[in-house]
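K.L.:
Quick one: the structure is below, questions incoming.
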Amino acid sequence: MIIDKQINGSELTLSLTGRLDTTTAPELEAVIKENITGVTNLVMDFAGLEYLSSAGLRVILSAQKTMNKQGEMVIRNVNETINEVFEITGFIDILTIE
Amino acid sequence: MTKQALIKISHVCKAYPNVTPLKDVNTTIYKGDVISVIGPSGTGKSTLLRCINMMDPPTSGDIYINDEAITAPNCQLHLLRRKMGMVFQSFNLFNHKTVIENIMMAPMDLLGKSAQEAYDKGMELLRTVGLADKALNFPDELSGGQKQRVAIARTLAMEPEMILFDEPTSALDPTKVGEVLEVIRELAQKGMTMLIVTHEMNFAKDVSNRIFYMDQGEIYEDGTPEQIFEHPQRELTRHFIMRTKLMEEIITSKDFDFIAIRNNIDQFGKKYLLSPKSVHNMQVVFEELCVQTLLPYQGEAPNLQFRIEYSDKTNSIQIRIAYSGKAFELEEDMDMISYALLKNATTSIKTALTENGENEFILDIK
């Protein structure tokens, strides 16, 4: 998985390409942890995301919890496969998906 | 009515210097049995037939015909052999003799029949196999299907108690297979005891009362056509019948190569032209059940077997995951997110025990 990181003031945009799964979820977790301080807008761009497993979902959930305290989080460009994952796990009700 | 045992095979082994096609074959063939012998190439099907009539004597073990051991050193082999006719893949007719001469020869030489008797019987048999008008032709003037029907008539002329067929239609043009199978089918209806090595599965299903599935040097499964073709009990039978394509991974370390297995699943999908959705669902099962759930549950010395079975015949995918240790209760013990993903990727999830007694999940993939 490739994580492209862009910081614009207090907005952090993370664009993911590839698969967010058991092996790659820790990478995303580390990038978020390193960069989350002071962020009020977290944008995750999933245009290039092909696969999302429970390991990835747990990292997303953790990010959402953090952002609930310090601002907001938005997920963009969700394809059909990923959207189905959000639907069946109930994440669709927790996340803000644009 | 008790069944009359015609042939008993006891611990028959046939070993050649480099290969052992028969390791331990045991069975009883009853009068009137029509048994199709099926299985992958090289599993000793033809060898079994050749052992039964001692064309290729077993290395060890015994074969009894009507309670007489054909494998005994002092047996009257030629007399016992007469009880069994054999029909070969390659017909084995004498090309320099006419059809009727081919049929008359053995009854005159071995049964002491007169030429007239042998001729009358031969013509009767040729009528039975639909070839009376070819009596004076030479084998080379016949099609493959006709040659094989002559070979069957020749075998019947010796009035055998049973007939062994060694792939009787394998050398035939596909258009000629039906006429030979029809003759064999009629013999079955008349109650002839037969052992037929064949690759014609529909025929085997229709005509037989028993099927031997041969594999691993033995009669791996012996059952009715219904059992073998619809509900095979054992693993290798199932793979053969369902024309299963397999992918198997064994995980014995927590540091196993996750990416390699994930890629193997993708490659398996590409190779057999599975839909992207199915491949995705196989990945979900591998990751959510195997990696996220069972692997942590296995402790320091995991032992997981992950197997994908794709049936070409039914175009269905099944995943079997066998694991050591106690049975895992999915609904109670699995993480909710993983369980939701797993449910969505499958149409059914069953639990079972493997032949080795390990716990196993069997999942049908959407």
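What follows is calculated from the coordinates using simple rules that are stated; it is not laboratory data. Here the structure is a predicted model, which is why all the values come from computation and not from measurement. Glycine also receives a Cβ, built like all others from the backbone with ideal geometry; neighbour counts cover every protein chain displayed.
K.L.:
What number, in nm² with one decimal, is the all-direction average of the projected area of the convex hull of the alpha-carbon atoms of region B:121-205?
P.N.:
Details: hull surface 21.8 nm².
Over every viewing direction, the Cα hull of region B:121-205 projects on average to 5.5 nm².
K.L.:
Go through region B:254-350 and name the GluC sites (Glu not before Pro) that are in a DSSP coil and have 11 or fewer other Cβ atoms within 10 Å of their Cβ.
P.N.:
Numbers: sites: B:Glu287, B:Glu288, B:Glu300, B:Glu309, B:Glu329, B:Glu331, B:Glu332; in loops: B:Glu300, B:Glu329.
In loop regions of region B:254-350 (DSSP not H, G, I, E or B), the sparsely surrounded GluC sites (Glu not before Pro) are B:Glu300, B:Glu329.
K.L.:
Can I ask one more? What size of dipole, in debye to the nearest 20, comes out for the protein assembly as shown about its Cα centre when the only charges are +1 on Lys and Arg C-beta atoms and -1 on Asp and Glu C-beta atoms? Don't jump to the answer; show the numbers that get you there.
P.N.:
On the way: 46 positive and 64 negative charges, 290 e Å.
Charge dipole, the protein assembly as shown, about its Cα centre: 1400 debye, nearest 20.
K.L.:
Nearest 500 deg cm²/dmol is fine: what mean residue ellipticity at 222 nm does chain B get from its DSSP H runs of n ≥ 4 alone, each adding -39,500 (n - 2.57), divided by its residue count? Can you show the working numbers first?
P.N.:
On the way: 12 runs with 121 residues, N = 366.
Mean residue ellipticity at 222 nm (helix-derived): -9500 deg cm²/dmol.
K.L.:
Given R₀ = 30 Å, what would the calculated FRET efficiency be for B:Asp133 paired with B:Thr224, taking r from the Cβ atoms and rounding to 0.05?
P.N.:
Values: r = 39 Å, r/R0 = 1.31.
After rounding to 0.05, the efficiency reads 0.15.
K.L.:
Would you work out which of B:Thr351, B:Leu93, B:Asn263 lies farthest towards the positive end of the dipole of the protein assembly as shown, given +1 charges on the beta-carbon of Lys and Arg and -1 on that of Asp and Glu, about the Cα centre?
P.N.:
Value: B:Leu93.
K.L.:
Per residue, how much space in cubic angstrom lies within the convex hull of the C-alpha atoms of chain B?
P.N.:
Values: hull volume 66.5 nm³, N = 366.
Each residue corresponds to 182 Å³ of Cα convex hull volume.
K.L.:
Going through region B:3-110, which chymotrypsin sites (Phe, Trp or Tyr not before Pro) have at most 13 other Cβ atoms within 10 Å and a DSSP loop state?
P.N.:
Values: sites: B:Tyr30, B:Tyr64, B:Phe88, B:Phe91, B:Phe94; in loops: B:Phe88, B:Phe91, B:Phe94.
Listed in order of number, the matching sites are B:Phe94.
K.L.:
Could you give the size of the charge dipole of region A:35-98 about its Cα centre, using +1 on the Cβ of each K and R and -1 on the Cβ of each D and E, expressed in debye and rounded to the nearest 20?
P.N.:
Details: 4 positive and 8 negative charges, 79 e Å.
Charge dipole of region A:35-98: 380 debye, to the nearest 20.
K.L.:
Could you check the spin-label model distance between B:Asp312 and B:Gln116? Points 7 Å from the Cα along Cα→Cβ, value in nm.
P.N.:
About 5.8 nm separates the two model spin labels.
K.L.:
Report the FRET efficiency, 1/(1 + (r/R0)^6), for B:Lys271 and B:Arg82, where r is their Cβ-Cβ distance and R0 is 51 Å, rounded to 0.05.
P.N.:
Working: r = 51 Å, r/R0 = 1.01.
So, using R0 = 51 Å, E works out to roughly 0.50.
K.L.:
So which trypsin sites (Lys or Arg not before Pro) in region B:29-107 are both in a DSSP loop and have at most 14 other Cβ atoms within 10 Å of their Cβ?
P.N.:
Details: sites: B:Lys31, B:Lys45, B:Arg50, B:Arg81, B:Arg82, B:Lys83, B:Lys97; in loops: B:Lys31, B:Lys83, B:Lys97.
Of the trypsin sites (Lys or Arg not before Pro), the ones in loops of region B:29-107 whose Cβ has at most 14 other Cβ atoms within 10 Å are B:Lys97.
K.L.:
Taking the 0 to 90 degree range and rounding to the nearest ten, how far is the long axis of helix B:144-157 tilted relative to the main principal axis of chain B, both from C-alpha atoms?
P.N.:
The two axes meet at around 60 degrees.
K.L.:
Taking R0 as 22 Å, what's the FRET efficiency between A:Val31 and B:Phe256 from their Cβ-Cβ distance, rounded to 0.05? All intermediate terms of the calculation are to be shown ahead of the outcome.
P.N.:
Working: r = 25 Å, r/R0 = 1.15.
Here the calculated transfer efficiency is 0.30.
K.L.:
For region A:42-98, what's the relative contact order in percent, using C-alpha pairs closer than 8 Å and at least 6 residues apart?
P.N.:
On the way: 54 pairs, mean separation 26.1, N = 57.
Reported as a whole number, the value is 46 percent.
K.L.:
What number, in nm² with one decimal, is the all-direction average of the projected area of the convex hull of the alpha-carbon atoms of region B:247-366?
P.N.:
Values: hull surface 28.4 nm².
Result: 7.1 nm².
K.L.:
Continuing with this model, one more query. Given Cα pairs under 8 Å that are at least 6 residues apart, what percent is the relative contact order of region B:229-353? Present the calculation step by step, with values, prior to reporting the outcome.
P.N.:
Details: 128 pairs, mean separation 37.8, N = 125.
Relative contact order here is 30 percent.
K.L.:
If you don't mind, there's one more thing I want to ask. Taking chain B as the reference, fit the longest principal axis to its C-alpha atoms, fit the long axis of helix B:99-110 to the helix C-alpha atoms, and give the angle between the two in degrees, 0 to 90, nearest 10.
P.N.:
Relative to chain B, helix B:99-110 is tipped by roughly 80 degrees.
K.L.:
Moving to a separate point now. Write down the Kirkwood hydrodynamic radius of region B:317-366, to one decimal in angstroms, obtained as one divided by the mean of 1/r over all alpha carbon pairs.
P.N.:
Details: mean 1/r = 0.0875 Å⁻¹.
Across region B:317-366, the inverse of the average 1/r is 11.4 Å.
K.L.:
Here is a follow-up. Note down the relative contact order for chain B as a percent, whole number, built from C-alpha pairs under 8 angstrom at least six residues apart. If you can, show how the numbers build up before the last one.
P.N.:
Details: 647 pairs, mean separation 53.7, N = 366.
Worked out over chain B, it gives 15 percent.
K.L.:
Can you give the translational diffusion coefficient of the protein assembly as shown in µm²/s, computed by Stokes-Einstein from the Kirkwood radius over Cα pairs at 10 °C and 1.306 mPa s? Each step should come with its number before you reach the end.
P.N.:
Numbers: Rh = 27.0 Å.
The calculation lands on 59 µm²/s.
K.L.:
In degrees from 0 to 90, rounded to the nearest 10, what is the angle of the helix B:174-189 Cα long axis to the longest principal axis of chain B?
P.N.:
On a 0 to 90 degree scale, this one is about 80.
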